[in-house]
Amino acid sequence: GAAHSRSRRGCGPAKSQKFNLGTKHSASTAGYFLLSFKGDKLKVVNAETAELNLLSLIIKRHSRISRAGWDRNISYSFRLTSGGRHCMIQLVADTLLSLYQNGWQPVAP
């Protein structure tokens, strides 16, 4: 119903002080990083501190981070408390929108 279409506090694209809107950023070593959403785990490959901070901010808007840390040299993982399918859909959409607004563009696989 109508309750689902109303905006809620804390929803919407995340903002970060480290990025200037409208500029292209190539902070990662090769100018890209990978995101993998699988179950309650979000894996980030080839991202640097600025991107990880932005992702952490976005994730905290939608879920709780139960564990975060480096898996390998360039792989960082967030384990989230399960928020359900709707929460994950919102998280993916917010992540893509926020990264795009901060100068990142998705690349086709």
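The values are calculated or read from the model by the stated rules, or taken from the named source; none is laboratory data. Keep in mind that what you see is a predicted model, and the values were worked out from it rather than measured. Protein only, heavy atoms only, side chains kept; ligands, DNA and RNA dropped before computing areas. Shrake-Rupley method; radii C 1.70, N 1.55, O 1.52, S 1.80 Å.
Quick look at the values:
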| item | result |
| --- | --- |
| Heavy atoms of Phe37: accessible area, 1.4 Å probe, square angstrom to 10 | 70 |
| Integer Hz, Karplus 6.51/-1.76/1.60 couplings in order for the stretch 59-73, x for Gly and Pro | 4, 5, 6, 10, 7, 9, 8, 8, 7, 8, x, 6, 8, 9, 4 |
| For the stretch 47-56, 3J(HN,Hα) per residue [Karplus equation, 6.51 cos²θ - 1.76 cosθ + 1.60, θ = phi - 60°, Hz, x = Gly/Pro] | 9, 9, 4, 4, 5, 5, 5, 5, 4, 4 |
